[in-house]
Amino acid sequence: MASPELFEGLGMLQHRGQDAAGIITCGNKGRLYQIKGSGMVRDVFDQPKLEQLVGNMGVGHVRYPTAGTSSSSEAQPFYVNSPYGITFAHNGNLVNADELREYLDKDAHRHINTDSDSELLLNIFANNLQKTGKSRINEEDIFTAIKGIFDVCHGGYACVAMIAGFGIIGFRDPNGIRPIGFAKRQSQSPSCGMDYMFASESVVCDGCSFSDFEDLKPGEAVIVNKSRTVTRRELVPNANFTPCIFEYVYFSRPDSIMDGISVYKCRLAMGEALADEVARKLGADMDIDVIIPVPDTSRVAALQTAYKLDITYREGFIKNRYIGRTFIMPGQALRKKTVRRKFNAMSLEFAGKNVLIVDDSIVRGTTSKEIVQMAREAGAKKVYLASCAPAIRYPNVYGIDMPSPHELVAFNKTEDEIAEALGADRVFFQGLDGLVASCNKFNPSIKSWDASVFDGKYVTGRVDAAYLKHLESLRADDKKSTEDLQSPE
């Protein structure tokens, strides 16, 4: 059965989404079995439920709400019965969702039941396959259908689909913005040959004893049919590869390797570059007594910053690991309330000291402001705050919830104004050149990055002031429903 390993894999990806989780498996004669719901993986599934998910093929997903609402109706994977019975899971965001929704309604006559752009992608795929008019399809038909997606769906997306009784398909948008790869292992039944797995991060494949992880190329599709034959094709010639650089700053686990780059090593490099930035700006006024990370994602970089500056590194904040990631929680009220429950400052590491607190990034500033205040309450004389990423001044439109620029603490502010807003004595930001160099150091073949949250450059086009205003109206915190403010716990 595939369900136990899908469950384990989703647990390893829990950091990517805490709003909802789902699994659909395919058993004998193409019958599909589904369980999904709101909350963490451990809340949605238990042993009896996993036993109901029959079959050796399946798709799982953890949801992190961006566009749309936070509700169980938008838990993935999605499913359509026509044609062929298609299951679909997606990571990312489309920038022309309204246009696609109108096409599916008026031209394709397909009913869309949610606000999720994942459902749009599924129905574009289904409609393209429907055009074949065949009772049974082959790999060539599927590649043609995916090429049709690339032609009309603009944005960042990594997708996994399952066609009942046929096989599993993975594909990545023509810019490769969102990550996806696949790996293999010898099946426990030697007569079955190889098992295959698609995942957003390599750590899932490692944890489930799969090997030879390969990232999908931009515009590439990989098909694994029920006979375990693998067919792959690059459907977009001369694709402009621009992976999301924020994956390396914050989103991905440090033990993952994506697009040939170790997240751990690149965060070490970010720490070194940040040390250079701090040293350059403080110069002879360097008066830092101790460097303390905001756990967990900034630990690696903070350790290297301390090493480079030859300043003592200490763990000053103790984290409650049973509280979710505040950055991806829906609603500012819930995020702010959660920070104090999530972290506790140890006075013995702060009292009477000038402290440099290192964080991976500063987005809304909710956590940062509370962290600075906690450090002062613990007795710190001066509190400096350093970010491994540049100042985030622009919305993200490709699947990370940085919606309204007015919710970003760095929007239209200088560094001094940001420091004042956060209550810090001074704030230091990594330069974009330093961040890019930290990643390119380990894969110089990547010539460009999606760094739109830092520089406002959207690689897919179709992102103008009107679109950003529309997106803000969909995502802004004051538009969230009361349901959205409930804890995922």
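Structural remarks
- Residues in the stretch 446-457 that are surrounded by 13 or more Cβ atoms within 10 Å (Cβ to Cβ) and either of a type in the set (Phe, Trp, Tyr) or not in a helix (DSSP H, G or I) (or both): Ile446, Ser448, Trp449, Asp450, Ala451, Phe454, Gly456, Lys457.
- Every residue from the stretch 15-41 that is within 11 Å of Arg63 (Cβ to Cβ) and either open to solvent by 20 Å² or more (accessible area, probe 1.4 Å) or of a type outside the set (A, V, I, L, M, F, W, C) (or both): Arg16, Gly17, Gln18, Asp19, Gly22, Lys36, Gly37, Ser38, Gly39
- Some residue of the stretch 114-122 being open to solvent by less than 60 Å² (accessible area, probe 1.4 Å) and of a type in the set (D, E, K, R): yes
- So Phe198, is it part of a strand (DSSP E or B) and buried (at least 17 other Cβ atoms within 10 Å of the Cβ): yes
- Beta carbons closer than 6 Å, at least 6 apart along the sequence or on distinct chains, pair a first residue in the stretch 138-163 that is closer than 24 Å to Ala2 by Cα with a second that is among the charged types (D, E, K, R) for Ala158/Arg172; Ala158/Arg178.
- Residue that is open to solvent by less than 20 Å² (accessible area, probe 1.4 Å), under 24 Å from Cys208 (Cα atoms) and in a loop (DSSP other than H, G, I, E, B), where the choices are Gly9, Gly55: Gly55
- Listed conditions (1) buried (at least 23 other Cβ atoms within 10 Å of the Cβ); (2) touching a Lys or Arg at 6+ places or on another chain (Cβ under 8 Å) are all met by Asp173, apart from (2).
- Close pairs (6 angstrom Cβ cut-off, 6 or more residues apart or separate chains): farther than 12 Å from Ile371 by Cα and surrounded by 17 or more Cβ atoms within 10 Å (Cβ to Cβ) in the stretch 313-326, among the β-branched types (Val, Ile, Thr) and at pLDDT 90 or above anywhere: Tyr313/Ile291; Arg314/Val290; Arg314/Ile292
- Where helices (runs of 4 or more DSSP H) fall wholly inside the stretch 61-166, the ranges with 1 or more residues that are over 24 Å from Thr25 (Cα atoms) and hydroxyl-bearing (Ser, Thr, Tyr) are 97-106, 139-152.
- Hey, Lys147 touching a Gly at 6+ places or on another chain (Cβ under 7 Å) and either modelled with pLDDT of 95 or more or open to solvent by 10 Å² or more (accessible area, probe 1.4 Å) (or both) or not: no
- Set Thr460, Thr367: member being hydroxyl-bearing (Ser, Thr, Tyr), in contact (Cβ under 8 Å) with a residue 60 or more places away in the chain and in a helix (DSSP H, G or I): Thr367
- Scanning the stretch 239-270 for residues that are open to solvent by 20 Å² or more (accessible area, probe 1.4 Å), in contact (Cβ under 8 Å) with a residue 40 or more places away in the chain and among the hydroxyl-bearing types (Ser, Thr, Tyr) yields a count of 2.
- Candidates Ile362, Ile371, Ile392: the one that is surrounded by 23 or more Cβ atoms within 10 Å (Cβ to Cβ) and over 27 Å from Ile177 (Cα atoms) is Ile371.
- Selection from the stretch 29-41 of residues that are assigned to a helix (DSSP H, G or I) and either acidic (Asp, Glu) or at pLDDT below 95 (or both): Lys29, Gly30
- Asn344 being farther than 29 Å from Pro65 by Cα, open to solvent by 10 Å² or more (accessible area, probe 1.4 Å) and polar (S, T, N, Q): no
- Selection status of Gly379, open to solvent by 10 Å² or more (accessible area, probe 1.4 Å) and on the phi > 0 side of the Ramachandran plot: yes
The values are calculated or read from the model by the stated rules, or taken from the named source; none is laboratory data. Just so it is clear, the model here is predicted, and its values are computed rather than measured. Quick reminder, even Gly has a Cβ in these numbers, built from the backbone with ideal geometry, and neighbours come from all protein chains shown. When the accessible area is computed, the model is the full protein with side chains, heavy atoms only, and any ligands, DNA or RNA have been set aside. Shrake-Rupley method; radii C 1.70, N 1.55, O 1.52, S 1.80 Å.
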